Structures are given as structure tokens and as C-alpha cells.
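Structure first, commentary second.
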Amino acid sequence: MSNHPKHRLFGGDVDWFTVLLWFALCIIGWFNIHAAVFDPEYPSLFNLNTNYGKQSIYIFSAIILAVTILIVDAKFYSSVSPILYAITILLLITVLIVGRNVGGNQAWIPIGSFRLQPSEFAKLATCLLLARYLSAQSTKSPTLKSLFFGAIIILLPVFLVLLQPDTGSALAFFALIFVFYREGYISGAWMLFGALCILLFVLALAFNPWIVVLILAAICGLGIYYLRKKTKIIINLIVLFVLSALYIFSVEFVYENVLQSHQRNRIDVILGKIDDPRGEGYNLNQSMIAIGSGQFWGKGYLQGTQTKYNFVPEQSTDFIFCTVGEEWGFVGCMVVIGIYLTLLLRIINIAERQRTAFARIYAYGVACILFFHFAINIGMTIGIVPIIGIPLPFISYGGSSLWSFTILLFIMIKFDANRKGIV
């Protein structure tokens with residue numbers, strides 16, 4: 001037998017299982033887009049007069065992108081990250097000037113019949129530059145200065161995306177806070193504090209603020225009783241209660257004066273404050289009817305009545321999961337969710353086995369962005385989070401979304417394939 005090492009395709013050990021999960025989601029998306037906007041006059045999956053025909057082109061080009069990424073030297077992505085970030089920032093500025101307004105958001109740059117959405121690629125560029133910056137600090141102890149400049153890398157595109165205004169895409173960037181937590185810049189206590197702030201915000205909107213404060217006072221009182229011999233802890237508990245009470249009473253002001261009316265209405269629908277199935281609650285109501293009507297096994301491919309008669313708006317993009325629920329039922333939903341969870345766990349496993357800080361940080365960035373889109377998109381279709389209009393990765397219709405998520409994922413796969421010698 002020869003002692004020479006085997007030739008490795010693409011310069012390393014490609015994680016083909018992750019590639020298979022990506023491809024499965026792309027194909028699931030393609031068939032469900034076909035079902036969502038099916039036109040009997042153009043039944044073919046490849047007919048370019050339809051969205052599903054165009055999606056076939058997007059998937060084919062995504063495969064070309066994936067192969068190209070695996071061929072290119074892994075070090076290239078680290079070196080080009082500042083340039084890519086600068087380009088996406090310029091595109092985010094450009095879209096504010098020449099962009100096409102769709103659904104109230106000026107988020108797309110028209111290029112012939114194609115519409116480029118810079119905010120999708122900005123997530124990729126931000127992950128790369130953040131990984132480069134934080135990895136350069138990895139030999140030092142985490143400092144507030146490093147945290148500050150890392151936050152600036154994230155907040156600059158967030159600010160520009162909010163100007164479009166595209167709140168959903170802007171919120172996706174905040175998922176990268178978990179990268180700071182993994183790298184030791186933010187403690188578990190601060191993460192818990194953030195979760196508490198979100199919980200109190202929701203409770204203050206859902207119930208009378210005085211009731212929430214009284215419940216907190218009761219909890220605080222019990223804590224003081226059981227910790228009565230620990231003066232320092234009691235003082236901290238009282239301070240926390242006072243700050244929490246002030247925060248709760250400030251929620252209404254922020255809610256009324258910071259959020260836009262349509263954003264408040266969407267939250268009110270989720271909280272049950274508005275019961276308007278023909279108005280503000282129409283999208284959510286139709287979405288839940290579509291998913292619920294699929295029951296256990298679903299109605300079958302191309303048999304969805306909610307889908308066929310166009311009851312659910314944006315069903316091939318933001319509400320594509322409705323098609324899965326109606327035509328493939330509970331079983332189909334669980335299969336799709338299972339594939340996503342397997343992919344996310346695989347990415348975390350890949351992140352932890354990296355030998356460089358850059359590759360590890362980038363992989364966690366990929367996990368954060370994908371998890372946010374997956375959780376929020378499905379959450380908004382089943383009525384547990386407000387509708388903010390973000391795509392389901394690899395499944396929703398659209399070239400910008402599919403390409404950006406594909407590039408995001410395959411750069412990580414390339415890093416993993418070359419983890420013995422990358423940067």
C-alpha cells in the first residue's frame with residue numbers, strides 16, 4: 001500500500017453531512033415554493049415565468065457558489081473581511097438612495113428583474129469582520145474596549161438597516177450577542193439580566209404594570225425574609241426591585257413613543273389585546289388556520305386549500321412554513337424543525353472543534369444568525385412572536401436570502417475542512 005496521503009477534495013475533510021442538511025433544506029424549500037404559488041398554466045418546477053422556476057436557478061447558482069467557496073483558499077476569507085464589510089456598508093447606504101420600496105421597506109436594489117437585498121449579505125460580512133477582530137484579541141483577557149469596538153462592528157449595519165426601515169433584519173444582528181458570551185466578554189449574569197428585561201417588558205405590556213410590580217414586591221419580600229441575616233444581599237435585592245419597578249413603569253412610554261404603530265399592533269395581536277382577524281391579525285390568523293388544517297399527516301402535495309386560494313400573504317417567502325404545515329402536517333413540520341436543529345447542533349460541534357479563534361468565532365456567528373431566523377420565522381407563523389418579516393433560511397423564496405445563507409454556511413464548512421492549517 002502507498003504511504004502517500006490520500007487526495008482530499010477541496011483541500012480538506014469536508015463535512016458532507018452538513019452539506020447534505022443544507023441541500024435537503026434547499027430542496028424542501030423549492031418544492032414548497034412550487035406548492036405555495038403553483039400555477040396550473042406553468043406546472044413545471046423549472047418554468048422561469050414562476051417563482052419556483054426562478055428558485056431552481058437560485059439553487060443551481062447557490063451550488064456553484066458553494067463549490068467555489070470550497071475551492072478558494074480558506075485564508076482568503078479572513079483577509080478580505082474588512083473589504084467585504086466596507087462594500088456591504090456602502091450597499092446599505094446606496095439602498096437608502098436608489099432602493100426600491102416594497103411593503104414599506106426600502107431594502108432592495110433593482111438589478112434588471114432581480115432585486116438585491118444588501119442587509120442579507122451584511123450579516124455575512126459582519127460575522128467575518130467580528131470574527132477577525134475578536135480573534136485578534138483572543139490572546140488577551142476580554143476588555144470593555146474590545147467589547148465596545150466589537151459592538152460597533154454590529155451596530156453600524158444595524159443603524160443603516162433600521163433606516164430602511166427593516167426592523168426584522170436589524171434584530172437578527174443582535175443574535176451575535178451570544179458570540180460575545182461564548183468568548184467571555186459577557187457573563188452569564190448579564191445574559192440572565194437581559195432575559196429578565198425582555199420578560200418584564202412583555203409582562204408590563206400584557207398586564208397592568210402595578211400588578212407586575214406587586215408580584216415582584218411579593219417575590220422580593222420572600223427573598224428578604226429568607227435572607228434576613230445577609231444584609232448585603234438584601235440591599236442588592238432592594239436596589240434590583242427599585243430598578244425593575246422603574247423599568248416596568250417606563251415600558252409604556254417606550255412602547256408608545258419608540259415603536260411604530262404597525263409594530264405595536266403586531267405585538268398587541270400576539271398579546272391578545274387586539275382581536276382583528278380581518279385587519280391587523282389577518283396574516284397571523286390565516287397562517288395558524290393553514291398550519292392547523294394540515295393536522296397530523298397534512299393534506300398532501302399541491303392539495304392545500306389555504307395555499308391554493310392565496311389566503312396567506314407572502315406564502316412563498318416569510319410564511320413558507322404555512323405551506324409545510326398545511327400540506328405535510330405535523331409530521332412534515334417536525335421533519336423540517338428536526339433538520340434545522342440537527343444543522344444547528346452540527347454547527348456548534350464544528351465550532352468547538354476548530355483550532356483557531358477566528359474559525360470558532362465565525363462558526364458561532366453562523367449558528368446565531370441561523371438560529372434567530374429559524375426560531376423567529378417559525379415562531380411568527382404559529383403566533384408566539386410578533387410578525388417581523390424575515391425569511392426561513394434556505395427554504396423561503398429569494399436569491400439574496402439563499403445566496404447569503406449559503407455563503408455564510410459554506411465559508412464555515414471550508415474553515416472546518418482546513419482546520420489544521422487555517423489562519
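The values are calculated or read from the model by the stated rules, or taken from the named source; none is laboratory data. Keep in mind the model is a prediction, meaning the values are calculated, not measured. Here Cβ is always computed from backbone atoms with ideal geometry, including for glycine, and neighbour counts include all displayed protein chains. With ligands, DNA and RNA removed, areas are computed over all heavy atoms of the protein, side chains included. Shrake-Rupley method; radii C 1.70, N 1.55, O 1.52, S 1.80 Å.
What does the accessible area per residue of the chain come to in Å², with a 1.4 Å probe and no ligands, DNA or RNA counted?
Normalised by residue count, the accessible surface of the chain is 50 Å².
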field: Solvent exposure ordering (accessible area, 1.4 Å, most first) of 22, 297, 328
entry: 297, 328, 22
Inter-site label distance for residue 255 and residue 147 at 7 Å from Cα along Cβ, in nm: 2.9
- prompt: In the range 276-423, with Lys and Arg counted as +1 and Asp and Glu as -1 at Cβ, which of these residues, 290, 365, 329, has the Cα nearest the positive end of the dipole, that is, farthest along it?
  reply: 365
- request: Go through 184, 46, 154 and say which Cα lies farthest out towards the positive end of the charge dipole of the chain; charges sit on Cβ, +1 for Lys and Arg, -1 for Asp and Glu.
  value: 184
query: So how much slack lies between residue 39 and residue 238, counting 0.36 nm per residue of separation and subtracting their Cα-Cα distance, in nm?
result: 65.3 nm
Span-rule helices in the chain, defined as complete DSSP H runs reaching 20 Å or more along the axis (Cα) with Kyte mean at least 1.0: 16-36, 51-71, 75-98, 144-162, 188-206, 209-226, 231-257, 320-352, 357-381, 399-417
task: Enumerate the aspartates and glutamates that residue 414 could reach by cross-link, defined here as Cα to Cα under 17 Å, with residues fewer than 8 away along the same chain left out.
output: 13, 15, 73, 352
query: Full extension from residue 193 to residue 349: what is 0.36 nm times the residue separation minus their Cα-Cα distance, to one decimal in nm?
result: 53.4 nm
task: Could you work out how far apart the two model spin labels at residue 247 and residue 335 are, taking each label as a point 7 Å from the Cα in the direction of the beta carbon, and quote it in nm?
output: 4.3
